[in-house]
Amino acid sequence: MKQSLPNSSPSSTSLQSGPDGRAAQSELPDPLVLQSGKTVTSASEWKQQRRPEILELFRQYVYGRVPVERPDTLKFETVSIAPNAMDGHATRRQIRISFSGAGGDGAIRLLLFIPNRSAAPVPCLLLINHGGPQNTDAERAIKSPFWPAEELVQRGYAAATFEVADVDPDEDDDFQNGVHGIFDAKGKPRSPDAWGTIAAWAWGASRVMDYLQTDPRLDAARVGLVGHSRGGKTALWAGAQDERFALVVSNNSGSTGAALARGKQGETIAKINRQFPHWFAKNYKLFNDRETELPVDQHMLLALMAPRLLYIASATEDAWSDPAAEFQAAVAAGPVYELLGLSGVQTSIMPDPEVPLLDGHIGYHLRTGKHELASYDWHRFMDFADRHFAKST
Ligand code: GTR
């Protein structure tokens, strides 16, 4: 039985497959047309009307609504300081970010390496780690390419990371554990727009930012949030909501990350909802095999980063994520940056592998290889940050 769905944005038309089954630009909901049908023509209309409207649509239909922002119970505790980590190149700090709610207590363990050679506050790249603690060894006995912390420090960046499992274990447990169990109202039915696990992780990234802002060794105006795959989806949703992140990086984030849902190949809305039923709001399941009825598409999520910096990375062998759909979304977010006097990716032609696009406010690269976060990716993120952070300071 068909359920009733929201009216699509008036500017979106039904999808007629293009030559390769992909959505044409004209078939996407227009980020610059309000639900009322009125076109947005100024930066203030974007900021005051369309941006909040799009955020709300993503909250309601895709990622879900949080019951709490920064809890009053939030506390930071420095657990350890090692001034001569990484052969003296960095100071390692371990911070416990704790909170409590009606359903109990929780804590996020933040691991931070700050370069020793700079006396001035440094920019910071915060990785959302969903790949387990072996990716982010505090002792540096294991050095994973997923988090080449030494290379970040060498290039003058503080390297920060936290484990998503501290916020919410990646399990379909009917939202009993993690921050859902701590903050959700007890004894009431769960609403169809309640937060899923990706929204919970994004909430966690914002709580880490709450701490980063308090550390005088870090330049809080130059914090980039980085995530791969499910972490990349999380980085985008966190960055869309939390404007304190000056740069948002999504690596191979695919479905419900950087890739357009309309015309997508590989993982679709129905497939991701089937495999990961706990990641998104219950409402999102209404759009299984009905992506053209969604009042948003992922280019609108990307546009929510404007005027801040955004970087999207794809990999040639990552057909499940669909590099072309990721690039297409990056291009389609461009008009919002242009309205704000900036440029997006600056071309609509997908670049060859290993030809990064770094000049616009939206950066992009396609790496040869598989679905992973590699040293090559990190160095392009830093090239992009070097170029644009330097301009803004
Ligand atoms: C895949 C999943 C993707 C992506 C990825 C990951 O299997 O289908 O949406 O999130 O996992 O996080 O590794």
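A few points about this structure:
- Angle between the chain longest axis and helix 375-392 axis [Cα atoms, degrees, rounded to 10]: 90
- Antiparallel DSSP beta bridges within segment 245-393, percent to nearest 5: 10
- Overall form of segment 43-161: prolate. Here a/c, set by the Cα gyration tensor axes a ≥ b ≥ c, is 1.5 or more, and a/b is the larger of a/b and b/c.
- Kirkwood-Stokes translational diffusion coefficient of segment 124-252, alpha-carbon pairs, 37 °C, 0.692 mPa s, µm²/s: 213
- The overall shape of segment 56-392, judged from the alpha-carbon gyration tensor, is oblate: a/c is not under 1.5, and a/b is no greater than b/c.
- The antiparallel fraction among DSSP beta bridges confined to the chain stands at about 45%.
- Spin-label model, residue 173/residue 36: points 7 Å from Cα along the beta carbon direction are separated by 4.6 nm.
- Reported to the nearest whole Å, the Cα centre-to-centre distance from segment 165-225 to segment 81-108 is 16.
- With a Cα cut-off of under 25 Å and a minimum spacing of 8 residues unless on different chains, the lysine pairs in segment 56-392 number 18.
- Positive-end ranking of 284, 85, 259 along the dipole of segment 56-392, with charges on Cβ about the Cα centre, is headed by 85.
- Residues of the chain were split at every exposed loop site, defined as trypsin sites (Lys or Arg not before Pro) in a DSSP loop with at most 11 other C-beta atoms within 10 angstrom, and the longest piece left, sites excluded, is 187-369.
- Angle of helix 230-241 to the longest C-alpha principal axis of the chain, folded into 0 to 90 degrees and rounded to 10: 80°.
- With a simple spin-label model that places each label point 7 Å from the Cα along the Cα-to-Cβ direction, the separation between residue 293 and residue 72 comes to 4.3 nm.
- Backbone N within segment 149-165 under 14 Å of label point (7 Å from residue 82 Cα along the Cβ vector): 149-150
- The GluC sites (Glu not before Pro) of segment 282-373 meeting both criteria, a DSSP state outside H, G, I, E and B (loop) and at most 15 other C-beta atoms within 10 angstrom of the site's C-beta, are 317, 354.
- Cα gyration tensor, segment 281-378 - rounded (a/c under 1.5), prolate or oblate: oblate
- Scalar couplings 3J(HN,Hα) for segment 253-258, obtained by applying the Karplus form with A = 6.51, B = -1.76, C = 1.60 to θ = phi - 60°, are 8, x, 4, 6, x, 7 Hz; x denotes Gly and Pro.
- Kirkwood Rh, angstrom, segment 198-310 [1 / mean 1/r, Cα pairs]: 14.6
- Less than 5 angstrom separates the built amide H of residue 218 from those of 122, all sequence-distant by 5 or more or on a different chain.
- Residues whose amide H comes within less than 5 Å of that of residue 127, counting only those at least five positions distant or on another chain, are 160, 161, 162, 226 (H built at 1.01 Å from N in the peptide plane).
- Residue by residue, segment 187-198 carries 3J(HN,Hα) couplings of x, 10, x, 6, 7, x, 10, 6, 5, x, 6, 4 Hz when phi is fed to the Karplus relation 6.51 cos²θ - 1.76 cosθ + 1.60 (θ = phi - 60°); x denotes Gly or Pro.
- Under 5 Å, built H, 5+ apart or other chain: amide partners of residue 314: 252, 365, 366, 367
- With every protein chain in place, the chain: carbon and sulfur % of accessible area (1.4 Å): 51
- Tilt relative to the chain, helix 323-332 - C-alpha long axis, 0 to 90 degrees, to 10: 80
- Using θ = phi - 60° and Karplus 6.51 cos²θ - 1.76 cosθ + 1.60, couplings along segment 59-70 (whole Hz; Gly, Pro as x): 4, 6, 10, 10, 8, x, 9, 7, x, 8, 8, 7
- Rounded FRET efficiency, nearest 0.05, which uses the C-beta distance separating residue 102 from residue 48 and R0 of 41 Å: 0.75
The values are calculated or read from the model by the stated rules, or taken from the named source; none is laboratory data. Here the structure is a predicted model, which means the values were calculated and not measured. Positions of Cβ are generated from backbone atoms using ideal geometry, with glycine treated the same way; all protein chains shown enter the neighbour counts. The accessibility values were calculated without ligands, DNA or RNA, using every heavy atom of the protein model including side chains. Shrake-Rupley method; radii C 1.70, N 1.55, O 1.52, S 1.80 Å.
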